[in-house]
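Enquirer: Handing you this structure, nothing more for now.
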Amino acid sequence: MRQGSFIESTLRSFARAFSKALISEHAASQPGLLQRFDPRVRVVGILALVIYVILCHKLAVIAAVMALAITVAIASRLSLWSLTTRVWFVVLGFTGLIALPALFVTSGRPIFTVPGMHLSISEQGIRTAGLLVLRVETAATLTTVLVLCTPWTHILKALRSLHLPAEMVTMLAMTHRYVFLLIETANQMFESRQSRRVGKLTGPEKRRMTARTAGVLLSKSVELSHEVYLAMLSRGFDGEVRLLSDFRLRAHDYAGLAAFISAGCLAVWIGR
Amino acid sequence: MHIPDGYLSPSTCAALYALAVAGWYAALKRVRRVLATRTIPLISVSAAFSFVIMMFNIPLPGGTSGHALGVTVAAIVLGPSGSILAVSTALAIQALFFGDGGITTLGANCFNMAIVGSVVAYGVYHLVAGRSEIGARRRVVAAGIAGYVSINAAALLAAFEFGIQPGLFHDASGTPLYAPYPLRVAIPAMMIGHLTFAGLAETVIAAGMVAYLQRADVGLLRGLRDLTGNPAPFASTAKSVSSARLWWIVGFLMLCTPLGILAAGTAWGEWSPAELANSETQAHIEAAPGNHASTQSVPAGLQKLHTVWTAPFPGYAPRFIKSATFGYVLSAMFGVGLLLLITLITNKAFNRPYDREAQP
């Protein structure tokens, strides 16, 4: 198991990507609160809240936006366990570790001294570490709630209707489609290599194997792009990108948008 | 190195978005010129490839492993412009679909990793590879060095962005509002991991892939135009300007530079400390419209800073030249020569795969 651990951890990364995509697809099809709104309202509303959180300088206000994000997640029938493992633990582990020394090194009024050590936690240290962790947690929660409640195609269409260039939207859509195809291809390559492996691989052999797999994948990708291009040409592609947008805003969408914007404005006003 | 939301202030994010947009625009324009209608499928599939490469667990010397960015191989195969677009698209998918890296910091992430990473990787690769054969071992070494340098350049930039936050964005009590550590902490903290694991992972994947492609698919190492199989369906219709005529004009302008001697006095606001202390200059300042108060003494900042940099040709008059007229002409020749040299180096560094290496 240890010998092939780098192959297995790569395979686990691939499996995680598929699992995330499946969870998103399942969550987006649930009849929850956020799913009822027009995708443009979801994208604009949640992104506005993320920006407000970044602008906000008060811990209590950011915590209130976090509470709002959790409420929206519950109302949208998202699993809190999924949010805990996918967002909260990950952010706490990473950003929490980064923020921890700030408790001690930020100069300010000391409020607690670690017994037996010349270390003290300052009031300013708690505030700066708290701001960082809470802000990152809240922004990540909001983004995840949006991603889980909105199919990728709808996010792209919403971005297009917000005047993101059609060429960029098409590239994002195509990339997303071929990411899974290439993950599947790489997965098969690693699995077949793993199943043929006998004995121990030395460090240089492992590195050569990884580089070769990546090289083969690159050759296949370029070949695939030629085939995709020919397929596009045969369907009449002339370099001009045209996207369909069939979204229609209804009364409750306007109400939702107003609610998101008001919550954000309130957060900025109180938290300025 | 994927900066999440909340680490950078809104103004930093906005500034880096602006830089990233400029980079994307320039890259898209250049790639379109070479690939035309092939741009979308090639860049999209390459972006998907970059995304998958970022998931590879690279075994490193010492029994550990790390993740590479894949920006070096993208820059070598697609050129800097293609790489900028492909890696940026991969980063956007990571942020928007997988929540890896923030949305407000997407501009910063793309600027650091996709734009600076691609340009540095491409520049270092061609600098080290020189004019060596496409299958030469030197190219493998060049790819490895390019990978190491580009990742560390991107990390250094990210560390700089973190490090300037506490100084620029803090409240009245001095509490940092975003990333809390100053440059002296942020740079070593960020660089330790990148100078060791991440840099090494990028080196392994870049050098290993170039070595593999040299044997298995050498066409991929010849640049973007070669990748598509035929030249871009683009022909400049602009009337070409005769370079000889241009040189005559430049020469004439250089000869005209001594006209500056005819102007009396010093340009407004460009005084040296000695000129500022002069009573004539003081009278000149007082006589100017706008009611400027004359300074009785030379400001301390000006006094301190004016010795920091001494120009080789101060006042367009090299010390070893007696004639002021000839000094002006010589300064103009030196300036034009310097600009030509910079242009030549930039062209050499950035135009190679499209113009020279693509030739059969």
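The values are calculated or read from the model by the stated rules, or taken from the named source; none is laboratory data. Note that the structure is a prediction, hence the values are computed from the model and not measured. Positions of Cβ are backbone-derived with ideal geometry, glycine not excepted, and every protein chain shown enters the neighbour counts.
Enquirer: Consider the range B:71-102. How many of its residues are within 9 Å of chain A (Cβ to nearest Cβ) and touching a Leu at 6+ places or on another chain (Cβ under 8 Å)?
Expert: Number satisfying all stated conditions: 9.
Enquirer: Does the range B:167-177 contain any residue that is modelled with pLDDT under 90, touching a Leu at 6+ places or on another chain (Cβ under 7 Å), assigned to a helix (DSSP H, G or I) and not β-branched (V, I, T)?
Expert: No: zero hits.
Enquirer: Quick check on the range B:158-184: of everything there that is over 18 Å from A:P101 (Cα atoms) and more than 7 Å from every other protein chain (Cβ to nearest Cβ), which residue is farthest from the chain's Cα centre (by Cα)? Can you show your working first?
Expert: Step one: of the range B:158-184, the residues over 18 Å from A:P101 (Cα atoms) are B:158, B:160-161, B:168-169, B:171-173.
Next, from what is left, pick out any that are more than 7 Å from every other protein chain (Cβ to nearest Cβ): B:158, B:160-161, B:168-169, B:172.
On the way: B:A158: 14, B:F160: 15, B:E161: 16, B:L168: 24, B:F169: 26, B:A172: 35 Å.
Per the criteria, the residue is B:A172.
Enquirer: Cβ-Cβ under 6 Å, sequence separation 6+ or interchain: first residue in the range A:108-130 and closer than 15 Å to B:P176 by Cβ, partner surrounded by fewer than 17 Cβ atoms within 10 Å (Cβ to Cβ) and among the aliphatic types (A, V, I, L, M). Which pairs?
Expert: A:E123/A:I111; A:G130/A:L59
Enquirer: Give the residue that is nearest to B:S44 (Cα to Cα), with candidates limited to residues of the range B:61-82 that are out of contact with any Asp or Glu (no Cβ under 9 Å at 6 or more places or on another chain) and among the small types (G, A, S).
Expert: Top of the filtered list is B:G82.
Enquirer: Within 13 Å of another protein chain (Cβ to nearest Cβ) and either of a type in the set (F, W, Y) or surrounded by fewer than 17 Cβ atoms within 10 Å (Cβ to Cβ) (or both) - does that describe any residue in the range A:242-252?
Expert: Taking every residue of the range A:242-252 in turn, at least one turns out to be within 13 Å of another protein chain (Cβ to nearest Cβ) and either of a type in the set (F, W, Y) or surrounded by fewer than 17 Cβ atoms within 10 Å (Cβ to Cβ) (or both).
Enquirer: Conditions first: (1) buried (at least 24 other Cβ atoms within 10 Å of the Cβ); (2) closer than 28 Å to A:R12 by Cβ; (3) facing chain A (nearest Cβ under 7 Å). B:R38 passes all but one, so which condition is the exception?
Expert: Checking B:R38 against (1) buried (at least 24 other Cβ atoms within 10 Å of the Cβ); (2) closer than 28 Å to A:R12 by Cβ; (3) facing chain A (nearest Cβ under 7 Å), the one that fails is (2).
Enquirer: So for the range A:180-189 (the condition being more than 24 Å from A:S24 (Cβ to Cβ), assigned to a helix (DSSP H, G or I) and either without any contact (Cβ under 8 Å) to a residue 24 or more places away in the chain or of a type in the set (G, A, S) (or both)), does at least one residue qualify? Give the steps one after another, and end with the answer.
Expert: Residues of the range A:180-189 more than 24 Å from A:S24 (Cβ to Cβ): A:189.
Keeping just the survivors that are assigned to a helix (DSSP H, G or I) gives A:189.
Checking which are either without any contact (Cβ under 8 Å) to a residue 24 or more places away in the chain or of a type in the set (G, A, S) (or both) leaves us with none.
Within the range A:180-189 (the criterion being more than 24 Å from A:S24 (Cβ to Cβ), assigned to a helix (DSSP H, G or I) and either without any contact (Cβ under 8 Å) to a residue 24 or more places away in the chain or of a type in the set (G, A, S) (or both)), the answer is no, since none of the residues qualifies.
Enquirer: Going residue by residue through the range A:126-138, is there one that turns out to be assigned to a helix (DSSP H, G or I), touching an Asp or Glu at 6+ places or on another chain (Cβ under 7 Å) and surrounded by 23 or more Cβ atoms within 10 Å (Cβ to Cβ)? Before you say what the answer is, go through the steps one by one.
Expert: In the first step, residues of the range A:126-138 are kept if they are assigned to a helix (DSSP H, G or I); the result is A:126-138.
Adding the requirement that they be touching an Asp or Glu at 6+ places or on another chain (Cβ under 7 Å) leaves A:136.
Retained after the next criterion (residues that are surrounded by 23 or more Cβ atoms within 10 Å (Cβ to Cβ)): A:136.
Yes, some residue in the range A:126-138 is assigned to a helix (DSSP H, G or I), touching an Asp or Glu at 6+ places or on another chain (Cβ under 7 Å) and surrounded by 23 or more Cβ atoms within 10 Å (Cβ to Cβ).
Enquirer: Also: Find all pairs meeting these conditions: Cβ atoms under 9 angstrom apart; at least six residues apart or on different chains; first residue within the range B:205-221 and more than 9 Å from chain A (Cβ to nearest Cβ); second residue in a helix (DSSP H, G or I) and surrounded by fewer than 16 Cβ atoms within 10 Å (Cβ to Cβ).
Expert: From the range B:205-221, the pairs are B:Q214/B:R137.
Enquirer: Kindly list the number of the only condition in (1) over 25 Å from B:G193 (Cα atoms); (2) surrounded by 24 or more Cβ atoms within 10 Å (Cβ to Cβ); (3) out of contact with any Ser or Thr (no Cβ under 8 Å at 6 or more places or on another chain) that fails for B:G82.
Expert: It fails just one condition, (3).
Enquirer: While we're here: Any idea how many residues of the range A:152-187 are within 7 Å of another protein chain (Cβ to nearest Cβ) and surrounded by fewer than 18 Cβ atoms within 10 Å (Cβ to Cβ)? Spell out the reasoning first.
Expert: Within the range A:152-187, the subset within 7 Å of another protein chain (Cβ to nearest Cβ) is A:152, A:155, A:167, A:170-172, A:174-176, A:178-179, A:182-183, A:186.
Checking the rest, the ones that are also surrounded by fewer than 18 Cβ atoms within 10 Å (Cβ to Cβ) come to A:167.
Here the count works out to 1.
Enquirer: Which residues, counting only those in the range B:185-204, are within 11 Å of another protein chain (Cβ to nearest Cβ) and either assigned to a loop (DSSP other than H, G, I, E, B) or not hydrophobic (A, V, I, L, M, F, W, C) (or both)?
Expert: Scanning the range B:185-204 gives a single hit, B:T203.
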